[in-house]
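To start, the structure under review is shown below, and the notes come after it.
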Amino acid sequence: MIVGGFGVGKTTMVRSVSEIRPLSTEETMTQAGIGIDDSGVRAKTTTTVAFDFGRISLNEHMVLYLFGAPGQERFWFLWDRLFSGTLGAVVLVDTRRLADSWYAIDRLEHHGMPFVVARNNFGQPEHTLHQVRHALDLSPDIPLIDCDARRRDSCKGVLIALVNHLFALSSVRETTI
């Protein structure tokens, strides 16, 4: 799962990294959404209304299926269904609007779902990763990394960090059982 606030780059990330042509439910934003889908992102003209889907192979036996969740509050009811069967998630954040990330982090913690946080850099970052970690009140065991959702190699790095995090968590569970 790729989750986060409205307009943080979830659809862009799925498109950048998917090895197949992604399924996208992007629709044009209309006048009816004014006041409802206010994101603070003035140049945004489309929005995800269900989810984005893509796929990337890790090797010949392992495949990650990517689901980009819609970011606007009116579609959050879909998240619980999308979480079903999910092993882990990426919370994509825009440091210009960190508060938009709190719902995603809260839902993942509520579900007990492992996640990593990726700071999507829309230019030169204004804050250090340490400052972002502090502002989001992330525990030290949650990976926080930089990315550029427009770049395939950067998105792959985020997904590798998620897989490594999941592997580390499963190794800890195995040794404590």
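The values are calculated or read from the model by the stated rules, or taken from the named source; none is laboratory data. This is a predicted model, so every value here is computed, not measured. Note: areas computed on protein heavy atoms with side chains; ligands, DNA, RNA excluded. Shrake-Rupley method; radii C 1.70, N 1.55, O 1.52, S 1.80 Å.
The amide H of Arg151, built 1.01 Å from its N in the peptide plane, has no neighbour under 5 Å, considering only residues 5 or more places off or on other chains.
Residues in the range 98-115 carry Karplus couplings, in order, of 4, 4, 5, 8, 4, 4, 4, 5, 4, 5, 5, 5, 4, 7, x, 8, x, 8 Hz; the curve used is 6.51 cos²θ - 1.76 cosθ + 1.60 with θ = phi - 60°, and Gly or Pro positions show x.
Backbone geometry of the range 162-169 corresponds, through the Karplus equation with coefficients 6.51, -1.76 and 1.60 at θ = phi - 60°, to 3J(HN,Hα) couplings of 5, 4, 4, 5, 4, 5, 4, 5 Hz, x marking Gly and Pro. The mean sequence distance of close C-alpha pairs (under 8 Å, at least 6 residues apart), as a share of the length of the range 104-177, puts its relative contact order at 34 percent. The residues of the range 76-165 expose on average 53 square angstrom of accessible surface per residue, using a 1.4 Å probe on protein heavy atoms. Between Phe167 and Phe77, the contour length at 0.36 nm per residue exceeds the alpha carbon distance by 29.5 nm.
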